[in-house]
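Presented below is the structure to which this report refers.
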Amino acid sequence: MGKTYWEAFKEAGISRREFLKFATYITGLMGLAPSMVPKVVEALETKERIPVIWLHGLECTGCTESFIRSNAPYASDLLLNVITLEYDETLPAAAGILYEENGKMVRSGLVGHLDKVVEEYKGKYILVYEGGVPLGNDGRYCIVAGRPYKEDVIELAKHAAVLMSVGTCASWGGIQAARPNPTHSVPVSDLVNKPLIKVPGCPPIPEVITGTILHLALFGMPPLDDQGRPKQFFGNRIHDTCYRRPFFNAGQFVEKPDDDAAKKGWCLYKIGCRGPTTYASCGNLRWFGGISYPIQSGAPCIGCADKNFWDKGPFFQREKGIVLPNVEVDADKVGVAAAAVTAGALAVHAIAAGIRHAGEKDDEH
Amino acid sequence: MAKRVVVDPVTRIEGHLRLEVTVDEKQNKVVDAISSATMWRGIEVILKNRDPRDAWAFAQRICGVCTTIHALASVRAVEDALDIQIPKNSNYIRNIMLATLYVHDHLVHFYHLHALDWVSPVEALKADPVKTAELQKAVIQKYGKIVELAKDYTGLKAYARKFPKATPAYFKAVQDKIKQIVESGQLGIFAPADWWGHPDYKKLPPEVHLMAIAHYLEMLDTQRELVIPHVVFGGKNPHPHYLVGGMNCSISMDDGNAPVNAARLGLVQTAVEIALDAINYFYILDLLAIADIYLNKYNWFYGGGLAKERVLGFGDFPDEPYKDFSKTGDYWNKILYHSNGVVHNFKEGWQKAKYEEFNKDSLEHVAEYVQHSFYHYTVGDNKPLHPWEGQTIPAPEDVPPTPWKFLDPNHKYSYSKTPVYKGLTHEVGPLARYIVTYVGVKQGHIKPTWVDEMVVKQIDMVSEMLGIPAEKWMLSTVGRTVARGLEAQLGANLNSYFLKKLYDNIKSGDTQVANNTKFDPSTWGPGKKRGVGMTEAPRGALSHWVVINGITIENYQAIVPTTWNVAPRIKNEYGEQRAAYEAAMLDTEVKVVKEPLEILRTIHSFDPCLACATHIYNSDGEEVTSFNVNSACAV
């Protein structure tokens, strides 16, 4: 068992040429230099396909939906050639079966399969978490197969090769952890003592999820930042790569939804855009192969990949403390925007980064 | 000797749900059924004290599968409370986003969440690719007439972009791929191998299995293209952005940086065209082929349940902007899809069914019970509460300790409340909407729009193709699944219709997408404002109820379609009543107790918005509480 990617591709009747094309494509997708293509090819030829167990806690399944929106590679390529999704609750044919024998519940069907997979691939599977973990009422705000979800979170982590939290709920606690957090929900990282790759976003961009999984399958752990996020996808603030950044620098802002400035596609910072404090790939990768991201569709970013973003509203309220620019236009043209500037002439970038760090300290739990 | 079996979790749904069924093994009969939602996130509680302009973002996270719909209900509720009428363009855009959701959600449900209840990759291996290609042609021939109902209102679509590949080579390639997966032993999403042993998988010929599995794979890649309108208008999918007062996506034909201009509309146009093809040439044809065999060859008419007695809808797709829901009820003057009503007793045919319109005056009759829900009411758990006065107070002490074996239906057993209309549970969903619209038009209560006429045409055409009266085929698990497919076809037409209206309106010089006169909360005035936002979600009638005090949310209640259907039982002045899941399970046979495929199929026909667990056990040693689904109908 355990075919390499190239073997699987060959069996699927995919030519060497197509295979190399795929390797080149995913090299770019993972943010690697073209010089890395031979390494990717080598990895695809020699690495075995890794089983994936995907758990669902308190969530909306939006992250799974995002995952199947991936077009690089397609969802079908992922599910049939790149990974083997051995346990999940959204796509698999089988349901969990349990029945009573001698007063004990026997696990069969999909949950029986889960037990076998864990045994067979001990230390080899990728464990993906989707959703927050409620600790309130002994974990009984989320019961799967008759037991609290938190028990699976801890148990299955023990034999996993790698842990990965997909989405803001699993990574930061998410919407259920927003004030007053009635279920006492926490992120997965509060419960496991193992390295965990965090892929936040509500949901994350499809290719950010699949790109991280590809990196894992081909090269092992991706380089992570100090919060456990893959650097290649979370190294920049949306603001740094936003196509509307020049309007910010020029002091050209939307003041109200759908005003003349909104039609021109000016900066949304003054109606609450969280681009300046949110680390994500919306500005560079964008959604659906580059079609759009909220800002491009005229909506101020709500910072959905950011820790505790739900409690940083109202979303239409401008983030305080970020220095408005006064760099590319004269005072006349800045007009209303300049009037709102209260702080000094420090570099916008540095200030914004400093505020962000201050905010993170406050948010630590 | 009967066995107790639990199915947990039932997959291919959203969220966490548990079902327990008592089976009389001798007769393959379900004699009792429990449906229990086993998760609670507290979003209604979390929404309190927040800015009403942000509510859509929170509410949208109720579901990431039917993403968009809770955002829509939320902005509608807040706009109702604050007396905000949205501009024409945003009405059209919201309708395109809703129709896009119908198309996408229904198609993904059929192929990726429901198909494996009918077809199996293992059976597909036995198919002859040459015969499968012939079957594909025959299916197009036999059911192709229904495709004539598809309409491209924009007039831009040149030819079918997606069309079934009726060639042996195509089916052979798919079969080889399946073979490779099965032989590798790493079945992935098709594991474990012994799952495919149920006798029902032998009902369809192997060629139908291969055709459907091929389309399962093809649509897995196509589905992402269908939601591109959400990405253009809302910036992403899942969870596109909405705005109280309209939409964020400003329109300008002068600016390359504008969220919407001709180039961006081109992306929407292409997605709308692909949706027409995917629904008409794949989804509907596959669906009718399977339905025909199950109904006509095997007489498999199980699973109708509560739909036989009473169904409910709110109506949707306002043709033009409306004033409000709760003050003048103008919403119901503007909608194209007249599923706003209640129909009792459709099982005796449209002539004998009882129709009642749902409108502004109906709002006061919506309420929720918590008799068997893990919640308390301060007024006592036996009294229903209207959602504007609604409460969400969890009752953790009533959640049984884990590990669970079986739930006790005499106590509280679900995180779902029990919604009622005029004191009665109702089934909601595409089937409910089709019944309401059909009976409403046939009995002459509705002055039909093109949408209503299409619904009636579709139903009559399918009845003719199948050679079965509407009330017979519709009131079943198969009928629920067929109604959803027909509604996807309707959704594809609605998409095109509203896109044309958007083009025409922009051409007339109107580019406004937001009414921002009340964007600033200081314009709202003091005091309490109540609002309701209703919509027809893919899974059924959805309502969000908001009370705004000053500039913050004082109370927020969402009554979601799955709550109507999954709800635990109640007892009130109209008797003991069950909601739709429990009623449908009672109306389903189970052949192999340890492999309750029929229960999965029936529950999946509702497209549950929860992850679920089915408990199956026999009556041996268990007290069986007997409920009569029909008893509550004598009102």
> Let a ≥ b ≥ c be the square roots of the eigenvalues of the Cα gyration tensor of segment B:244-387; is it rounded (a/c under 1.5), or, if not, prolate (a/b larger than b/c) or oblate?
Replying inline: oblate
>> Give me the one-decimal Kirkwood hydrodynamic radius in Å for segment A:5-234, with the sum taken over alpha-carbon pairs.
In response: 18.4 Å
>> Could you give each residue of segment B:528-545 its phi-based ³J(HN,Hα) in whole Hz, using Karplus coefficients 6.51, -1.76, 1.60 with θ = phi - 60°, and x for Gly or Pro?
In response: 8, 10, 10, x, 9, x, 10, 7, 9, 6, x, 8, x, 4, 10, 9, 10, 10
> What whole number of Å gives the distance from the Cα centroid of segment B:45-118 to the Cα centroid of segment B:567-609?
Replying inline: 27 Å
>> For segment B:313-434, take N as its residue count and report Rg(C-alpha) divided by 2.2 N^0.38 Å.
In response: 1.32
>> I'd like the distance between the alpha-carbon centres of segment A:47-99 and segment B:375-448, rounded to an integer number of Å.
In response: 31 Å
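Tell me the mean residue ellipticity at 222 nm calculated for the protein assembly as shown from its helices only (DSSP H runs of n ≥ 4, each -39500 (n - 2.57), averaged over every residue, nearest 500). Walk me through the numbers before you get to the answer.
On the way: 34 runs with 346 residues, N = 1000.
Value at 222 nm, helices only, nearest 500: -10000 deg cm²/dmol.
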> Using heavy-atom solvent-accessible surface (probe 1.4 Å) with all chains present, what is the largest-first order of B:Val532, A:Val106?
Replying inline: A:Val106, B:Val532
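Once you have a ≥ b ≥ c as the square roots of the Cα gyration tensor eigenvalues for segment A:236-320, tell me rounded if a/c is under 1.5, and otherwise prolate or oblate according to whether a/b is larger than b/c. Numbers along the way, then the final one.
Numbers: a/c = 1.57, a/b = 1.09, b/c = 1.44.
Here segment A:236-320 falls in the oblate category.
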>> Given the whole protein assembly as supplied and a 1.4 Å probe, what does the accessible area of A:Trp266 come to in Å², nearest 10?
In response: 60 Å²
>> Computing the accessible area with a 1.4 Å probe over protein heavy atoms, can you report the carbon and sulfur percentage for the protein assembly as shown?
In response: 52 percent
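Among all lysine pairs in segment B:375-457 that are eight or more places apart or on different chains, how many have alpha carbons less than 24 angstrom apart?
Qualifying lysine pairs in segment B:375-457: 7.
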>> Can you give me the long-range amide H partners of A:Leu98? Hydrogens built in the peptide plane at 1.01 Å from N, cutoff under 5 Å, separation of 5 or more residues or another chain.
In response: A:Ser108, B:Val6, B:Val7, B:Asp8
> Over segment A:5-234, what is the percentage of antiparallel beta bridges among all DSSP beta bridges, to the nearest 5?
Replying inline: 40 percent
>> Probe of 1.4 angstrom, ligands and nucleic acids ignored: what's the accessible area per residue over the protein assembly as shown, in square angstrom?
In response: 31 Å²
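How large is the translational diffusion coefficient of segment B:173-305 in µm² per second when you combine the Kirkwood radius over alpha carbon pairs with Stokes-Einstein at 25 °C and 0.890 mPa s?
Numbers: Rh = 18.7 Å.
It diffuses with D of about 131 µm²/s by this estimate.
Once you have a ≥ b ≥ c as the square roots of the Cα gyration tensor eigenvalues for segment B:367-438, tell me rounded if a/c is under 1.5, and otherwise prolate or oblate according to whether a/b is larger than b/c. Don't skip to the end; give the middle numbers.
Working: a/c = 2.91, a/b = 1.51, b/c = 1.92.
Because a/c hits 1.5 or more and a/b fails to exceed b/c, segment B:367-438 counts as oblate.
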> What residues of segment A:208-230 lie in the reach of a label at A:Arg16, counting those whose backbone N is under 12 Å from a point 7 Å from the Cα along Cα→Cβ?
Replying inline: none
> What is chain B's relative contact order, in percent, from Cα pairs under 8 angstrom and six or more apart in sequence?
Replying inline: 29 percent
> If the label point is 7 Å along Cα→Cβ of B:Asp330, which residues in segment B:75-94 have backbone nitrogen under 11 Å from it?
Replying inline: B:83-87
>> Per residue of segment B:242-250, what does 6.51 cos²θ - 1.76 cosθ + 1.60 with θ = phi - 60° give for ³J(HN,Hα)? Whole Hz please, x for Gly and Pro, Karplus curve as stated.
In response: 10, 8, 5, x, x, 9, 7, 7, 4
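Determine the order of A:Phe9, B:Phe406 by accessible area, beginning with the largest, at a probe radius of 1.4 Å. Intermediate values should be presented prior to the final figure.
On the way: A:Phe9 10, B:Phe406 45 Å².
Sorted by accessible area, descending: B:Phe406, A:Phe9.
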>> Using a 7 Å offset from the Cα along the Cα-to-Cβ direction at both B:Lys48 and B:Glu464, what is the distance between the two label points in nm, to one decimal?
In response: 5.7 nm
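In terms of solvent-accessible area of protein heavy atoms at a 1.4 angstrom probe, what is the ranking of B:Phe301, A:Phe67, highest value first?
Numbers: B:Phe301 40, A:Phe67 5 Å².
Correct descending sequence by accessible area is B:Phe301, A:Phe67.
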> Roughly speaking, what is the centre-to-centre gap between segment B:457-523 and segment B:279-350 when only Cα atoms are used, to the nearest Å?
Replying inline: 11 Å
> Where the only charges are on Cβ atoms (+1 Lys, Arg; -1 Asp, Glu), what is the dipole of the protein assembly as shown about its Cα centre, to the nearest 20 debye?
Replying inline: 1180 debye
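As an exercise, take the mean of 1/r over every pair of distinct alpha carbons in segment A:179-283, invert it, and state the Kirkwood radius in angstroms.
Values: mean 1/r = 0.0621 Å⁻¹.
About 16.1 Å, per the Kirkwood formula over Cα pairs.
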> Counting only protein heavy atoms and rolling a 1.4 Å probe, how much accessible area do A and B lose on contact, total for both sides, in Å² to 100?
Replying inline: 8700 Å²
>> Restricting the calculation to Cα positions, tell me the Rg (one decimal) and the Dmax (whole number) of the protein assembly as shown in Å.
In response: 26.8, 88
> In Å, the Kirkwood hydrodynamic radius of chain B over pairs of distinct alpha carbons?
Replying inline: 24.9 Å
> Dipole size in debye (nearest 20) for segment A:5-234 around its Cα centre, Lys and Arg Cβ +1, Asp and Glu Cβ -1?
Replying inline: 460 debye
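The values are calculated or read from the model by the stated rules, or taken from the named source; none is laboratory data. Quick caveat: nothing in here was measured; it's all calculated off a predicted structure. Counting neighbours? That spans all protein chains shown, and the Cβs are built from the backbone with ideal geometry, glycine included. When the accessible area is computed, the model is the full protein with side chains, heavy atoms only, and any ligands, DNA or RNA have been set aside. Shrake-Rupley method; radii C 1.70, N 1.55, O 1.52, S 1.80 Å.
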